[in-house]
1. Do we have residue 238 as within 16 Å of the ligand (Cβ to nearest atom), in contact (Cβ under 8 Å) with a residue 60 or more places away in the chain, under 27 Å from residue 356 (Cβ atoms) and not small (Gly, Ala, Ser) here?
2. Can you name every residue in the range 269-300 that is in a helix (DSSP H, G or I) and free of Cβ contacts under 8 Å to residues at least 60 places away in the same chain?
3. With respect to residue 105, is the statement that it is of a type outside the set (D, E, K, R) and either surrounded by fewer than 23 Cβ atoms within 10 Å (Cβ to Cβ) or in contact with a Pro (Cβ under 9 Å, 6 or more places away or on another chain) (or both) true?
4. Test each condition in (1) modelled with pLDDT of 95 or more; (2) among the hydrophobic types (A, V, I, L, M, F, W, C); (3) closer than 16 Å to residue 205 by Cα for residue 166 and report the one that comes out false.
5. Quick one: is residue 111 under 16 Å from residue 271 (Cβ atoms), within 16 Å of the ligand (Cβ to nearest atom) and buried (at least 23 other Cβ atoms within 10 Å of the Cβ)?
6. State yes or no: is residue 223 part of a loop (DSSP other than H, G, I, E, B), within 11 Å of the ligand (Cβ to nearest atom) and under 18 Å from residue 294 (Cβ atoms)?
7. Can you tell me which residue is nearest to residue 191 (Cα to Cα) among those in the range 301-317 that are assigned to a helix (DSSP H, G or I) and among the polar types (S, T, N, Q)?
8. So which of 162, 181 ends up being closer than 22 Å to residue 266 by Cβ and not basic (Lys, Arg)?
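The values are calculated or read from the model by the stated rules, or taken from the named source; none is laboratory data. As the structure is a prediction and not an experimental result, all values here were calculated from the model. Counting neighbours? That spans all protein chains shown, and the Cβs are built from the backbone with ideal geometry, glycine included.
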Amino acid sequence: MADFDQDLQQRLAAFREQGLYRTLRRVDSTQGTRIQIGGRTLVNFSSNDYLGLTNHPALREAAIRAVEKYGAGSGAARLICGSLTPHHDLEDILAAFKGTEAALTFSSGYATAIGTITSLVGKDDLIIVDKLAHACIVDAARLSGAKLRVFAHNDLDDLEHILKWANSASRPASPSGRILIVTESVFSMDGDHAPLRELADLKEKHGAWLMVDEAHATGLYGANRRGLAEELGVAGRIEIQMGTLGKALGASGGHICGSQKLIELLINRARSFIFSTAPVPAAAAAAAAGVRLIQSNEGEQLRHALWDRVASFIGQPSPFPSAILPVIVGDEMKAVELAAGLRERGFFVPAVRFPTVARGAARLRVTVTAAHATEDINAFKAALDATRNTQHAGGQVRTPENP
Ligand SMILES: *Cc1c(COP(=O)(O)O)cnc(C)c1O
């Protein structure tokens, strides 16, 4: 026992030395633009609840009603003890929202990627992933046993180079294997957008499949707020549309939207679906209420409010808006100090470090939501400037216009 703790102690000390040590901060309030930490109220610029739905009465009431009708737990995995109505309702609503034949939900976005990618490709296949794709995609790709290739971030030439290699005689192992390209639509740590039209062109030209993770885009883009694929008019060309229910949708869980055959395959193969207890009914009901709300006029108004706040933050309206506005610092320790300085001034924003981003690319990951007031944004910007000046921290606000 002593050896065990000593080993862990050494590893923890190494994290501390590198500025990579992490702790949980206990929040004694609900999640929202104001959170209570250590007896203080801080203005929150860290949440992915982009439309302010986590505390919306429609979601809260849907969750409460589901508990009253279906209870607190789910009993078992859905293939074992039967599959509860709230999960089917949610999947029907998601498929209708995204305009696909079918949908399947998972307990989280992470579990969605793991179950889906490992169902679709295996050891004779090739998976090609954007350099900045989320950890769950990378982990799933590794777990699948498929050959993993990474293309430079949003670099179509690099991707095409790999695709040509994949279809050439020089790919020794399995020339007839499947090829799956996976990317995010709006990148989680940078807020920039993937060139989905060009990616769809390339995958069609080279006989590959395309999976797009819309975690940070669902609810925010497109005429029906389905995501960036809708905005760019390519949703119908993407074989696998992934998303989470825990960000703009305000609840918890993950989902895949696509063909009936895709969903059937996942029900039969996705181990994170098959071997895991179904999400609680309240989570499914809250997510369904979130999807309904996003489709309503109120959803459209909330999206407008969000882009309005983003424009206040960057000082101008943006043709490619994103709610994720990283302040790039570089050095891990300096990013942590900058976040601490901002907490002293009453603002909560996370310092994101390796391994979430590359070493030396530490940043404050500022997220703006529809629930912020314009005054919150102005006060935060003033506090950021003041903290940077006293700490000589530097740090550039990065936006799609100012990459
Ligand atoms: C948050 C996130 C996930 C994971 O979703 P969870 O529901 O939080 O597990 C997957 N992909 C991306 C791009 C994300 O940002």
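1. Judged against the criteria, residue 238 is not a match.
2. 297, 298
3. For residue 105, the condition - of a type outside the set (D, E, K, R) and either surrounded by fewer than 23 Cβ atoms within 10 Å (Cβ to Cβ) or in contact with a Pro (Cβ under 9 Å, 6 or more places away or on another chain) (or both) - is met.
4. (1)
5. Answer is no for this residue.
6. Here the answer is no, as residue 223 does not meet what is asked.
7. 312
8. One residue alone meets the criteria, 181.
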